[in-house]
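The values are calculated or read from the model by the stated rules, or taken from the named source; none is laboratory data. Bear in mind the structure is a predicted one, so any value in this text is a computation, not a measurement. For neighbour counting, all protein chains shown are included, and Cβ atoms are generated from backbone atoms with ideal geometry for every residue, glycine included. These area figures cover heavy atoms from the full protein model, side chains too; ligands, DNA and RNA do not enter into them. Shrake-Rupley method; radii C 1.70, N 1.55, O 1.52, S 1.80 Å.
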Amino acid sequence: AIELDPKQPTALDVLGVLHYELPGFAGGDLYKSEQFLQRGIAADPSYTLLRLDLAKVYIRQKRWVGARTQLERLIATKQPTYPADYALDDKPEAESLLRSIAGR
């Protein structure tokens, strides 16, 4: 998918999450994860799952300001690419994560 469309946000999210989830010895890499997710956000800033996944990368790296920024931007999204996913999954999880990192 990336070869056909290097800006395809869903494919970029999949690659970002893959690098986030895999352990280092199996090819996982938080830097690569961050790069794929940032590319996805650049391609579609209203695709809220990308922001949620990037916030998780930042939380794992203990980059609290970056995580809060992505979570707040996700919550403030006015016209999400996938409204049902935003309302039912992404926004509630973002609010929960934001509470869990409060004070950090």
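The set of residues from region 16-37 being within 11 Å of the chain's Cα centre (by Cα) and of a type in the set (A, V, I, L, M) comprises Val17, Leu37. Only one entry in Gly16, Gly24, Gly28 is at pLDDT 95 or above and among the small types (Gly, Ala, Ser), namely Gly16. Taken over region 62-79, residues that are over 13 Å from the mean Cα position of the chain (by Cα), under 12 Å from Ser46 (Cα atoms) and open to solvent by less than 100 Å² (accessible area, probe 1.4 Å) amount to 2. Need pairs with beta-carbon distance below 8 Å; first residue closer than 16 Å to Lys56 by Cβ and free of Cβ contacts under 8 Å to residues at least 24 places away in the same chain and within region 72-93, second part of a loop (DSSP other than H, G, I, E, B) and open to solvent by less than 60 Å² (accessible area, probe 1.4 Å); sequence gap 6+ or separate chains. Correct list of pairs: empty, since none qualify. Could you tell me whether any residue of region 72-84 is under 17 Å from Ala11 (Cβ atoms), β-branched (Val, Ile, Thr) and modelled with pLDDT of 95 or more? Among the residues of region 72-84, at least one is under 17 Å from Ala11 (Cβ atoms), β-branched (Val, Ile, Thr) and modelled with pLDDT of 95 or more, which makes the answer yes.
For region 38-53, the count of residues that are within 11 Å of the chain's Cα centre (by Cα), within 17 Å of Ile101 (Cβ to Cβ) and of a type in the set (A, V, I, L, M, F, W, C) is at least one.
Considering only residues that are touching a residue at least 40 places away in the same chain (Cβ under 8 Å) and farther than 16 Å from Lys91 by Cα, look in region 21-61 and name the one that is surrounded by the most Cβ atoms within 10 Å (Cβ to Cβ). Top of the filtered list is Val57.
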